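**Q** Below: one structure in structure tokens.
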Amino acid sequence: MADNRNGAPNWGLVGVGADGAEMASQVVTDATHDVFDDRIALLGRAVADVRAYAEQIGVIGTASLGEAAADTDRIVTFDLPFGMQFDLSGVVPEERQFCANTERVVESLRSVLDGADAIAYLTVPGGKASWVVPALVERIGATANGHPPDAPARGGRPQQFVVATLPSETDPIQTRFDACYTLFGLLGPDERRSAATTFLVSKPTLQEQFLLEPVDSTPGAGSTGLPHGPIATAVNQFIAAGRRSDRSPHGTFGIARDRPLGLDLTVAIEAAADATFVPVDVSTVESVSLIVGAPEERIRSDAITAVGVADAFGSWATERGISDRTRGSTLVSRPGDGQTFDVLFVPTGFDLGPVLDPLEDAYEQGKAVLERAESSRDLARAERLERRVRGDDTND
């Protein structure tokens with residue numbers, strides 16, 4: 001990777017669980033600028049869950065909870081020996097034990113992520129390690145490296161983003177319930193949240209858009225059949241644009257890759273808008289932005305220009321009736337054959353119904369189990385988080 005560009009934000013990257021570690025590995029492998037430096041951590045309930053991915057991106061050794069390996073080059077691997085999840089057999093772990101473990105992880109993460117202006121977490125809600133993400137976001141965002149929340153960047157509070165891949169309707173009830181609970185901990189109109197945006201990815205939607213042959217023969221396909229290539233492309237292009245200011249609670253990506261230079265940009269924008277990683281009704285978005293990646297030599301020769309991108313985006317938004325909700329466009333350089341460009345479409349604040357509805361049955365079943373088990377504290381928390389997301393709780 002090339003060196004970090006002068007003035008570019010310093011990013012931290014956290015892969016949570018085996019799937020998150022696998023995605024982080026691809027993001028680092030595909031990155032064209034070294035915006036992460038050594039601010040990378042892979043978190044799992046066991047070192048074995050993430051060891052292979054740590055080795056892929058330069059780890060020399062691993063460490064257990066709260067202890068960095070002395071011979072680690074770029075990555076520090078932590079062992080999280082707990083799973084903060086509701087066991088649908090009725091066994092619910094004590095919240096105080098969860099909090100104690102989380103604090104130990106947070107202290108270690110703070111040292112790894114020191115100097116980050118922004119942090120991206122990659123996770124699959126419903127996985128055994130994903131429950132830790134809302135707590136990490138809250139605690140790392142509240143006070144970074146001992147500085148107060150209003151301290152300046154590079155030592156103060158970094159902006160945080162979560163890329164969360166959702167399970168399918170055919171996944172087990174426990175997985176879908178855990179995914180909902182994790183999301184409800186991240187989303188909602190709550191100004192106390194530290195994550196600027198949780199970017200949502202639907203596993204079945206992504207699989208439909210990027211049809212997979214058998215996993216072993218598909219470039220960019222994860223071990224679970226999830227195509228990680230499009231996610232890595234989106235994350236890297238988002239980071240390359242330096243986007244850190246959107247305060248919408250949730251968003252997603254849509255991508256149109258390898259479009260031929262000379263193609264009408266509005267056609268490529270429409271293709272990206274039709275290929276969002278979760279179902280999006282564009283008419284419901286709070287805001288939308290655009291990032292176009294093109295070969296540097298073609299940008300220098302004015303084969304594609306920032307003005308041209310902005311004009312095309314404005315025309316497209318006017319046609320869609322959302323010109324008052326655009327938040328700008330950015331043209332960034334990317335490697336390639338010199339003949340193609342990528343379009344990243346970034347909608348935020350859209351209607352969550354089509355995203356959450358497929359998970360709702362499992363979530364309601366999980367709440368019923370908690371009620372039967374008389375887990376009143378956990379049931380109350382689950383319902384409170386749900387009301388926050390649905391916008392009908394004024395007391396939380």
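**Q** Restricting attention to segment 300-348, and to residues there that are over 28 Å from VAL163 (Cα atoms) and aliphatic (A, V, I, L, M), which single residue is modelled with the highest pLDDT?
**A** VAL307
**Q** Please go through (1) modelled with pLDDT of 70 or more; (2) in contact with a helix residue (DSSP H, G or I) (Cβ under 6 Å, 6 or more places away or on another chain) for ALA24 and return the number of the only condition it doesn't satisfy.
**A** Checking ALA24 against (1) modelled with pLDDT of 70 or more; (2) in contact with a helix residue (DSSP H, G or I) (Cβ under 6 Å, 6 or more places away or on another chain), the one that fails is (2).
**Q** Ok, one more. Residues of segment 300-355 being aliphatic (A, V, I, L, M) and either closer than 18 Å to VAL278 by Cβ or outside any helix (DSSP H, G or I) (or both), which ones?
**A** To start, the set of residues in segment 300-355 that are aliphatic (A, V, I, L, M) comprises 303-304, 306-307, 309-310, 312, 317, 322, 331-332, 343-344, 346, 352, 355.
Listed by number, the residues that qualify are ALA303, ILE304, ILE322, LEU331, VAL332, VAL343, LEU344, VAL346, LEU352, VAL355.
**Q** I would also like to ask the following. Is it the case that VAL162 is at pLDDT 85 or above and surrounded by 24 or more Cβ atoms within 10 Å (Cβ to Cβ)?
**A** Values: at pLDDT 85 or above: yes; surrounded by 24 or more Cβ atoms within 10 Å (Cβ to Cβ): yes.
Yes: the conditions hold for VAL162.
Okay, residues lined up against (1) outside the structural domain of GLU208 (by TED's automatic domain parsing); (2) in contact with a Ser or Thr (Cβ under 6 Å, 6 or more places away or on another chain); (3) surrounded by 17 or more Cβ atoms within 10 Å (Cβ to Cβ):
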residue	(1), (2), (3)
VAL278	yes, yes, yes
ASP281	yes, no, no
VAL285	yes, no, yes
ARG298	yes, no, yes
ALA303	yes, no, no
VAL307	yes, no, no
ARG325	yes, yes, yes
PHE341	yes, no, yes
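**Q** If you don't mind, another one. Applying the selection to segment 165-200, what residues are assigned to a loop (DSSP other than H, G, I, E, B) and modelled with pLDDT of 80 or more? Working first, answer last.
**A** Taking segment 165-200 as the starting set, the residues that turn out to be assigned to a loop (DSSP other than H, G, I, E, B) are 167-172, 187-194.
Passing the criteria: PRO167, SER168, GLU169, THR170, ASP171, PRO172, LEU187.
**Q** What is the number of the single condition among (1) at pLDDT below 85; (2) farther than 23 Å from ALA18 by Cβ that SER217 does not meet?
**A** Failing condition for SER217: (2).
**Q** State whether one or more residues within segment 281-299 are more than 24 Å from VAL163 (Cβ to Cβ) and in contact with a helix residue (DSSP H, G or I) (Cβ under 7 Å, 6 or more places away or on another chain). Full working, then the answer.
**A** Start the filter on segment 281-299 by keeping residues that are more than 24 Å from VAL163 (Cβ to Cβ), which leaves 283, 295-299.
Those left that are additionally in contact with a helix residue (DSSP H, G or I) (Cβ under 7 Å, 6 or more places away or on another chain): none.
Looking through segment 281-299, none of the residues is more than 24 Å from VAL163 (Cβ to Cβ) and in contact with a helix residue (DSSP H, G or I) (Cβ under 7 Å, 6 or more places away or on another chain).
The values are calculated or read from the model by the stated rules, or taken from the named source; none is laboratory data. A quick note: this is a predicted structure, and the numbers were derived from the prediction, not measured. Note: ideal-geometry Cβ built from the backbone for every residue, glycine included; neighbour counts use all protein chains shown.
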